[in-house]
1. Just a yes or no: is a residue in the stretch A:323-339 in contact with a His (Cβ under 7 Å, 6 or more places away or on another chain), more than 27 Å from A:PRO245 (Cα to Cα), among the hydrophobic types (A, V, I, L, M, F, W, C) and not in a strand (DSSP E or B)?
2. Which of (1) touching a strand residue (DSSP E or B) at 6+ places or on another chain (Cβ under 6 Å); (2) more than 19 Å from A:LYS94 (Cα to Cα); (3) away from chain B (no Cβ under 12 Å) does A:THR499 not meet, given it meets every other one?
3. Surrounded by fewer than 17 Cβ atoms within 10 Å (Cβ to Cβ), in contact (Cβ under 8 Å) with a residue 40 or more places away in the chain and either over 14 Å from A:GLN247 (Cα atoms) or more than 14 Å from chain A (Cβ to nearest Cβ) (or both): is that true of B:GLU60 in this structure?
4. Considering only the stretch A:1-70, give the strands (runs of 3 or more DSSP E) lying wholly within it that have at least 1 residues that are under 19 Å from A:ALA171 (Cα atoms) and modelled with pLDDT under 95.
5. Would you confirm, using the coordinates I've provided, whether B:VAL74 is under 30 Å from A:LYS94 (Cα atoms), in contact (Cβ under 8 Å) with a residue 60 or more places away in the chain and more than 9 Å from every other protein chain (Cβ to nearest Cβ)?
6. Can you tell me which residue in the stretch A:450-477 is farthest from A:PRO502 (Cα to Cα), limited to those that are within 11 Å of another protein chain (Cβ to nearest Cβ) and not in a strand (DSSP E or B)?
7. Quick check: anything in the stretch B:81-88 more than 8 Å from chain A (Cβ to nearest Cβ), buried (at least 20 other Cβ atoms within 10 Å of the Cβ) and either farther than 28 Å from A:GLN494 by Cα or small (Gly, Ala, Ser) (or both)?
8. Which residue, of A:LEU217, A:LEU226, A:LEU236, A:LEU199, is surrounded by 24 or more Cβ atoms within 10 Å (Cβ to Cβ) and part of a helix (DSSP H, G or I)?
Amino acid sequence: MNPHPARLLHESLLAAAAGPALSHKTAAVIDGESHSYCDLLDSALRLAASLRGHGLKRGDRVAIYMDNSWPCVVSIYAALLAGTVFLLVNPQTKSDKLGFILDDSGTKLLLTDGHLSKEFLPVLARVTGLAAVISSGSVPAGHNILSFGSVIDDTAPLAEPVATIPLDLAALIYTSGSTGNPKGVMQTHQSMMFAVGSLIEYLRLDHDDRILCILPLAFDYGLYQLLMTVDLGATLVLERSFTYPAQVFARMRKFEVTVFPGVPTIFAMLLSVHQREPLCFAGVTRVTNTAAALADASASRLRDIFPNALIYKMYGLTECKRVSYLEPELAESKPGSVGKAIPGTEVYLLSADGRPTPVGEIGTLHVRGPHVMLGYWNRPDLSEQMLHPGKLPGERVLCTQDQFRMDADGYLYFVGRSDDIIKTRGEKVSPVEVENAMLAIAGIREVAVVGVPDALLGQAIRAYVVLEPEMSLSSGQIRARCITQLENFMVPQQIVLCTDLPRTTTGKISKKALLEQMPPEDRT
Amino acid sequence: MSSETNVIEAKVRGYILENLMFSSDESELANDASLLERGVIDSTGVLEIILFLEGEFGIEVKASEMLPENFDSVNNMVRFVSRLQGAR
């Protein structure tokens with residue numbers, strides 16, 4: 001066993017695989033197949049040796065562009081064991097954005113899967129600095145791509161230990177920004193280990209838990225299910241998605257899942273399936289929600305499906321992983337609240353002029369704690385907007401830019417965002433990113449993208465489009481072009497063709513006026 | 001293949017191409033391609049397809065039938081719909 005508590009993310013794995021109690025325990029069930037802690041460490045060490053063998057050094061970036069799969073889990077720990085920094089790219093990402101992320105991060109090695117070759121092959125020619133590409137699944141021929149299977153083969157060497165310290169970067173977590181291009185949130189081993197411990201504490205998890213993950217590992221909410229599992233020596237039940245609910249339900253029953261993390265869209269789907277055929281998961285003891293608010297009415301209906309579960313409402317942003325949680329016992333006495341700061345951290349509200357906000361009044365939420373990011377990769381300008389000087393010399397506090405109220409007991413109530421980011425299916429979508437993709441479509445002259453309320457999605461994406469004179473494009477044709485550039489969840493559900501867009505006095509498109517023109521039931 | 005399954009196949013293909021792939025190019029959709037792997041379908045997409053199949057073919061899909069073997073390709077859906085119609 002390790003002589004000290006784990007300080008690095010992969011030390012939890014080393015400890016689990018070395019201990020007789022956990023070594024042969026199932027770390028993850030993926031596609032119904034069980035993988036032990038010692039198998040995970042063995043494969044990760046072989047892949048780590050290959051990363052080192054390709055010349056990667058401490059701090060170099062490794063991109064993982066894969067579905068939720070066993071190779072994806074192995075890749076995450078291999079990158080850490082090699083002393084490198086991993087970044088997960090959502091497998092729905094299309095070529096151009098993948099290229100942007102690889103360039104922006106200065107990725108040295110790409111780990112991917114053959115079924116994504118249509119998107120990644122075109123990128124390989126123009127991205128510079130890639131030492132190697134390793135692919136699971138069917139490896140495309142003729143591009144000098146290594147097979148994941150051969151790299152982790154039993155005969156491949158194991159990596160030697162690397163001198164990583166807790167202040168080293170562990171991951172870049174890309175998130176949508178209001179400027180259009182995604183930004184890489186820099187997180188160190190120290191901040192991620194801290195967040196893992198804090199989450200485990202308030203969720204009251206232990207090594208007997210079986211944690212479901214149907215969210216993409218590229219989403220930090222999904223990633224932390226894996227990190228918490230390994231830290232606990234528990235078992236992760238990893239599914240590719242929630243697309244085929246009956247398959248997920250069967251796995252939940254077979255592997256006796258105890259923790260169900262979801263987002264409002266997943267809970268809405270669960271409730272719609274429940275209406276067709278009553279569902280009941282008596283073995284689930286914790287249900288968690290984040291990414292967007294879960295209506296109190298939905299939460300109470302979820303109790304029929306999960307009669308023995310504590311239901312947690314939470315709030316967070318990638319820049320500090322998680323901000324707050326509401327203790328499940330307080331759901332009825334604090335309706336509408338997302339709770340208070342997670343253990344080991346504090347939050348406070350400041351007015352526009354930087355003064356503490358009185359109880360009950362609206363202020364900007366600030367977060368102080370070891371979980372706060374180091375900043376955005378290569379973007380000191382944007383980092384400065386979000387990270388402000390704190391109380392102590394050198395300290396930095398996260399200014400979330402989100403508006404909240406706080407009651408006399410310190411419980412938070414979300415009021416609104418100060419940017420125009422759209423939250424749909426639990427994902428953040430930058431309207432500028434969607435607009436840029438749409439403006440690149442021949443025949444579109446102007447476009448304005450807004451979020452409108454939607455029962456299933458939280459917000460649906462609506463695009464107001466002005467075509468070039470004499471052009472005719474149907475909304476289906478426009479969406480077809482969008483889907484070649486954007487992740488599926490970013491493609492507008494609604495396209496409104498119009499002859500002009502309202503403008504402000506300075507000539508900019510006025511989204512405020514667009515929203516005011518909408519019928520009241522459409523407004524956010 | 002019976003003419004009945006031909007009709008089902010044409011309707012299913014038409015729906016997927018138009019509503020999930022936004023395409024009129026028939027060659028883009030192979031009948032045996034995995035819709036999940038191709039990125040054509042996701043969790044809200046499968047609900048849309050089920051509502052379409054129920055409305056179009058007068059069938060009722062049980063929650064326990066929301067499985068890849070019934071929905072993950074055109075062929076799987078055609079087989080599934082034919083089976084339910086035969087059982088009526």
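1. No, every residue in the stretch A:323-339 fails to be in contact with a His (Cβ under 7 Å, 6 or more places away or on another chain), more than 27 Å from A:PRO245 (Cα to Cα), among the hydrophobic types (A, V, I, L, M, F, W, C) and not in a strand (DSSP E or B).
2. It is condition (1) that A:THR499 fails.
3. In short, no.
4. By residue number, no strands (runs of 3 or more DSSP E) qualify.
5. Yes, satisfied.
6. Filtering the stretch A:450-477 for residues that are within 11 Å of another protein chain (Cβ to nearest Cβ) and not in a strand (DSSP E or B), the one farthest from A:PRO502 (Cα to Cα) comes out as A:LEU456.
7. Within the stretch B:81-88 (the criterion being more than 8 Å from chain A (Cβ to nearest Cβ), buried (at least 20 other Cβ atoms within 10 Å of the Cβ) and either farther than 28 Å from A:GLN494 by Cα or small (Gly, Ala, Ser) (or both)), the answer is yes, since at least one residue qualifies.
8. After applying the criteria, what remains is A:LEU199.
The values are calculated or read from the model by the stated rules, or taken from the named source; none is laboratory data. Bear in mind the structure is a predicted one, so any value in this text is a computation, not a measurement. We place every Cβ from the backbone using ideal geometry, glycine too, and count neighbours over all the protein chains shown.
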